[in-house]
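The values are calculated or read from the model by the stated rules, or taken from the named source; none is laboratory data. This is a predicted model, so every value here is computed, not measured. Here the Cβ positions follow ideal geometry from the backbone for every residue, glycine too, while neighbour counts run over all protein chains shown.
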Amino acid sequence: MRKTARFITGLGWIFLTSFVTSQNVWAEDPAVVVAVQEDFSQKPLAELLPMAWAASSSGHYDKVNAITEAALKAYEVEALAEASRLATFPTKDVIEQYKTMNNLATVLFVHAEALMHQGKNEESIAAFKNTIKVYPYAQSWDASRGSFWSVAEKSQESINVMLGVEKIEVVKEAPKTRPTLFSLGTDAIVDYTKYGTFSGIGTKEYKFSMGNPNALARAVGEGIYPNTGDVYKNSRYKDVYREGRLEGSHWDFVNTQDLEAAYFKWAMAPEAPGVKLFFLGLILENSGMYLEAIKAYHALVVNFPNSVSWTYWHTPWYPAQAAIGKIKNILRFNPELKLAFKNAKVDVINGSDKDIQNDIFIVSPGQIVPNGHKKGRPAYLVKNFGKPTRILGGAKARFEQYADGNWRMFVDGKPFVIKGITYSPTKIGQTADKGTIANWMLEDTNGNGRPDGPYDAWVDTDGKKTPVGDFQLLKDMGVNALRVYHHPDLPQKKVLSDLYKKYGIRVIMGDFFGKYTIGSGATWAEGTDYENPVHLANLMKSVEEMVTEFKDEPYVVMWLLGNENNYGVASNADKKPQAYYEFVNKVAKRIKELDPSRPVALCNGDTIQIEYVAKYATEIDVYGANLYRGDYGFGSFWAEVKRVLDRPAFVTEYGAPAYVKGSTLEEAEAVQANYHQGSWLDIMANMAGDEEGEGNAVGGIAFEWLDEWWKNYEPEKHDIKADVIGPFAGGYYYEEWFGIVGQGEGQHSPFLRHLRAAYFMYKKIWNE
């Protein structure tokens, strides 16, 4: 059978062209050959589109042609009518009104792409150009990312590839400007007890009653609540306005280098006070004005802890929780300030759903105090915690909880902190969209009898291209665990055994558990149904095979179920959470029957549905989550897991791109390294024994080892365009740049490794 796609963990994403059957077959299956002859004229457009993707991925181009012809005949008039009403891209609130246009334009895109794959470049270019001309504002829904991408933009990129227009220029923007404030405030750090009265601290009845607003305004300084008047006294405001630097929406100023203009724009922004304070704090922080940034963030926590905004994904965002994380991150990176942030917490009961009406805020605003706490070796390793009060796991790996509520992890009887990396090296030109990504444990490009990446990768430091291998580079970096899934490509025991015996690196072995339909037997169109007995039987069998196959291998740390399945994507875990977590619990219990020596982990997306985990998945020993919250770490994550689950937690995926719009690649590397460092410092701060955090962190898995050039469509091109907004310095998920190791300009793939600043940061901090 021909394999048409290989799904990878990545950011939990796959591209839409990976619509395939669970058996990954087309032309070799007689039943499918018959299906090619079927009449498509009566099928809804919503069904024709995924069928077109699947046919294109499998190379069944006659079927693509037939689907395209049927779609045009039935839906072109309606699509053209929708297109005629647009002069720009439709906004999210009305985009459903243009569904026919979007779906038909995407079918045409698939058809033009199929021509390109056949080497019919002239026909393909003409088809792409026609789609751009007729449907310039069409957008295609990417279910795996939960966002739309521009059909015209991707069409033009395909044209550029065929014409050889591939070189990417990184344009440097103007240098950063920073605001000059009219008043810095009389207090470097504000003690709010001098300016008002607190009541209900640590309860839902929390309130700060301001005493003398004028005195507090003088204390905090310009732009920080309640001081809004001094902005108008700032002589620079009029100058910046006259220079035309304030034109546009305030949201356009979130990622600008012109921080002076951003400050004034946000000081005047028509947003709720809590949201405004957060972004003023962000601008001041980016300006290096750390004390002023701390004052803005703390003013938000004290005065507006109940603030709610919305993310790009239309999920609730709580600025006060992020502000607490921001203050802690500033203080970790700037010990010269000699300050600590104590007892600050904003818990949002019911905050993991989308209904903000049922939110209950439990608020402790905290105090910023002189820092007398000096860290030596992590308390996790040296503190005497006493006898454990609770143990999860078994003889090979376990979690221990103590009387103070803290958790520690042990592997083979020794304290263990997960210092992990997502390792899935991809040769440039390979792509999951076309099923060409090879199994890295078997890929042997140079024919020397061993896998390329693990053993033959080299770093160009001496011009000699001397092989050092990724495994050695990972060991030098301090990595002790990789996250590995046992399907769709079966892990090679010889490689993993060598990884462990020679390099001391273990694996967390996972099952996708029906994500992307892997293991369930479902087709992509129907998706994994966690109430379908056939799908559930297939999933149980898949997990049993994994545990039976690898339970005797010493390199396995623990078992992992899923990969942010709670987000949906070819499954109904998001729509049927009770059924999903009840089955998670059943499978976790079965794993423990087969292997009582190791714990079982769950990989979710953030903390969405965490209440269901607590209620229905009690057999899960440790909560794992893919988290992308920002450069300050993971905010309220640890506290929420502690409050709702009271179990250990680790981050199964976190990271940032090494590309920032308007910055040089060297500057972007530094930004990426800072993001990773902030993430790891937050993990450390929440490990057992650290007085700052929650005591339930057991480690994290950084995303990812090597840049994957195929992620944003064209695998031969290192793309710097992005369609999805993200909490990064550039403002977007530049998803082809998440490697802490790069592949240079691509001509030496799969062997060249460019070690970025984040690599050396980890090499230092993970080996201390």
Q. In the range 218-255, which residues are touching a residue at least 40 places away in the same chain (Cβ under 8 Å), part of a loop (DSSP other than H, G, I, E, B) and of a type in the set (Asp, Glu)?
A. 222
Q) Pairs, please: C-beta under 7 Å, at least 6 apart or cross-chain, first residue within 18 Å of residue 224 (Cβ to Cβ) and in the range 185-207, second of a type in the set (Ser, Thr, Tyr) and exposed (fewer than 15 other Cβ atoms within 10 Å of the Cβ)? A) 196/209
Q. Which residues, taken from the range 307-335, are assigned to a helix (DSSP H, G or I) and of a type in the set (Phe, Trp, Tyr)?
A. 333
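Scan the range 216-250 residue by residue and report those that are among the charged types (D, E, K, R) and in contact with a Phe, Trp or Tyr (Cβ under 7 Å, 6 or more places away or on another chain).
Initial filter on the range 216-250 (among the charged types (D, E, K, R)): 218, 222, 230, 233, 236, 238-239, 242-243, 245, 247.
Once the filter is applied, which keeps residues that are among the charged types (D, E, K, R) and in contact with a Phe, Trp or Tyr (Cβ under 7 Å, 6 or more places away or on another chain), the range 216-250 yields 222, 230, 233.
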Q. Residue 317 versus (1) surrounded by 17 or more Cβ atoms within 10 Å (Cβ to Cβ); (2) modelled with pLDDT under 95; (3) more than 26 Å from the chain's Cα centre (by Cα); (4) under 30 Å from residue 350 (Cα atoms): which is the lone unmet condition?
A. (3)
(Q) Can you tell me how many residues within the range 554-573 are closer than 17 Å to residue 540 by Cα, outside any loop (DSSP other than H, G, I, E, B) and within 15 Å of the chain's Cα centre (by Cα)? (A) 1
Q) How do the helices (runs of 4 or more DSSP H) wholly within the range 441-525 filter down when requiring 1 or more residues that are small (Gly, Ala, Ser): which remain? A) 452-456, 493-503
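Here's the yes/no breakdown for (1) without any contact (Cβ under 8 Å) to a residue 24 or more places away in the chain; (2) closer than 14 Å to residue 49 by Cα:
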{"position": "65", "(1), (2)": "no, yes"}
{"position": "86", "(1), (2)": "no, no"}
{"position": "93", "(1), (2)": "yes, no"}
{"position": "105", "(1), (2)": "no, yes"}
{"position": "110", "(1), (2)": "no, yes"}
{"position": "127", "(1), (2)": "yes, no"}
{"position": "134", "(1), (2)": "no, no"}
{"position": "142", "(1), (2)": "no, yes"}
{"position": "151", "(1), (2)": "no, yes"}
Q) Would the range 453-472 turn up any residue that is surrounded by 15 or more Cβ atoms within 10 Å (Cβ to Cβ), in contact (Cβ under 8 Å) with a residue 12 or more places away in the chain, out of contact with any Asp or Glu (no Cβ under 8 Å at 6 or more places or on another chain) and at positive phi? A) no
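Of the residues 736, 768, only one is free of Cβ contacts under 8 Å to residues at least 24 places away in the same chain and either assigned to a loop (DSSP other than H, G, I, E, B) or at negative phi (or both); which? I'd like the intermediate steps shown before the answer.
On the way: 736 fails: free of Cβ contacts under 8 Å to residues at least 24 places away in the same chain.
Result of the check over 736, 768: 768.
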Q.
If residue 561 satisfies all but one of (1) touching a helix residue (DSSP H, G or I) at 6+ places or on another chain (Cβ under 8 Å); (2) farther than 30 Å from residue 318 by Cα, what's the number of the condition it fails?
A. (2)
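Out of all the residues in the range 574-608, which are polar (S, T, N, Q), assigned to a loop (DSSP other than H, G, I, E, B) and either out of contact with any Lys or Arg (no Cβ under 7 Å at 6 or more places or on another chain) or surrounded by 20 or more Cβ atoms within 10 Å (Cβ to Cβ) (or both)? Explain how you work it out, then say what you get.
Here is the first cut: in the range 574-608, the ones polar (S, T, N, Q) are 578, 585, 597, 604, 607.
So of that shortlist, the ones also assigned to a loop (DSSP other than H, G, I, E, B) come out as 597, 607.
Within the range 574-608, just 607 meets the criteria.
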Q: Of the numbered conditions (1) in a helix (DSSP H, G or I); (2) closer than 28 Å to residue 229 by Cβ; (3) touching a residue at least 24 places away in the same chain (Cβ under 8 Å), residue 363 fails exactly one; give the number of that condition.
A: (1)
Q) What's the number of the condition residue 80 fails, among (1) farther than 23 Å from residue 62 by Cα; (2) at pLDDT below 95? A) (2)
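Step by step: first the residues of the range 526-541, then only those that are over 25 Å from the mean Cα position of the chain (by Cα) and touching a residue at least 40 places away in the same chain (Cβ under 8 Å), then the one that is surrounded by the most Cβ atoms within 10 Å (Cβ to Cβ). Which residue is that?
Within the range 526-541, the match that is surrounded by the most Cβ atoms within 10 Å (Cβ to Cβ) is 539.
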Q | Residue that is surrounded by the most Cβ atoms within 10 Å (Cβ to Cβ) [pool: residues in the range 185-215 that are among the charged types (D, E, K, R) and out of contact with any Phe, Trp or Tyr (no Cβ under 8 Å at 6 or more places or on another chain)] | A | 187
Q) Can you tell me which residue in the range 336-349 is surrounded by the most Cβ atoms within 10 Å (Cβ to Cβ), limited to those that are in contact (Cβ under 8 Å) with a residue 12 or more places away in the chain and outside any strand (DSSP E or B)? A) 337
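One line per residue, one yes/no per condition, for (1) crowded, with 24+ Cβ neighbours inside 10 Å; (2) in contact (Cβ under 8 Å) with a residue 40 or more places away in the chain; (3) in a loop (DSSP other than H, G, I, E, B):
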{"site": "684", "(1), (2), (3)": "no, yes, no"}
{"site": "692", "(1), (2), (3)": "no, yes, yes"}
{"site": "695", "(1), (2), (3)": "yes, yes, yes"}
{"site": "763", "(1), (2), (3)": "no, yes, no"}
Q: Please state which one of 466, 445 is touching a helix residue (DSSP H, G or I) at 6+ places or on another chain (Cβ under 6 Å) and hydroxyl-bearing (Ser, Thr, Tyr).
A: 445
